[in-house]
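Written below as structure tokens is the structure these notes are about.
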Amino acid sequence: MQPGPARPGPHVVVVRRKWFGSTLVALCGALVVSGGVVLAFGLDNYGGYGFVVSGAIFIATGIAQLARPFMLFDPAASELRLVNLPGFRDRVLGAPAGERLYFDGRSVMRVLPDGSHVPAPTWPARRADLARVIALLPHRTH
């Protein structure tokens with residue numbers, strides 16, 4: 001599993017995350033930071049510093065989820081790359097992993113080398129972006 005390209009090519013479809021979960025993580029981080037500030041500076045409790053640091057990590061995670069794509073789909077290579085949030089190890093699905101991708105009417109499916117059919121994780125993806133990927137995949141009905 002190689003890291004993805006810094007900038008996807010013009011034929012690569014970028015799928016972003018839904019905004020609600022990322023925003024919720026950042027807002028909860030802001031709430032934890034504000035509680036830590038009250039503990040550390042308002043009540044002179046040294047334990048509040050841990051809340052400030054952990055809340056800042058939550059805020060950074062929420063912002064990173066909004067800034068980075070969830071997945072990249074390269075129709076030429078039939079590659080679906082799930083982008084890792086820290087960015088050092090992406091998960092590659094599709095032809096480079098010896099799999100076939102298709103849409104079965106409900107979800108994006110993977111046909112593994114042993115012949116089993118497994119759904120690809122797409123629940124955090126924005127629907128409009130995912131629809132562009134589905135339009136490029138072969139459709140199969142049972």
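Taken together, the values in this text are just the output of simple stated rules run on the coordinates, not laboratory data. Note that the structure is a prediction, hence the values are computed from the model and not measured. Ideal geometry is used to build each Cβ from the backbone, glycine not excepted, and the neighbour counts take in all protein chains shown.
Numbers for the structure displayed
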read-out: Condition check for LEU130: under 20 Å from HIS11 (Cα atoms) and not basic (Lys, Arg); value: yes
read-out: Extreme residue, farthest from ALA67 (Cα to Cα), among residues of the stretch 88-142 that are more than 20 Å from the chain's Cα centre (by Cα) and β-branched (Val, Ile, Thr); value: THR141
read-out: Search result, residues across the stretch 115-135 that are buried (at least 17 other Cβ atoms within 10 Å of the Cβ) and part of a strand (DSSP E or B); value: ALA125
read-out: Of all residues making up the stretch 65-118, the number that are basic (Lys, Arg) and either in contact (Cβ under 8 Å) with a residue 40 or more places away in the chain or within 15 Å of ARG17 (Cβ to Cβ) (or both); value: 4
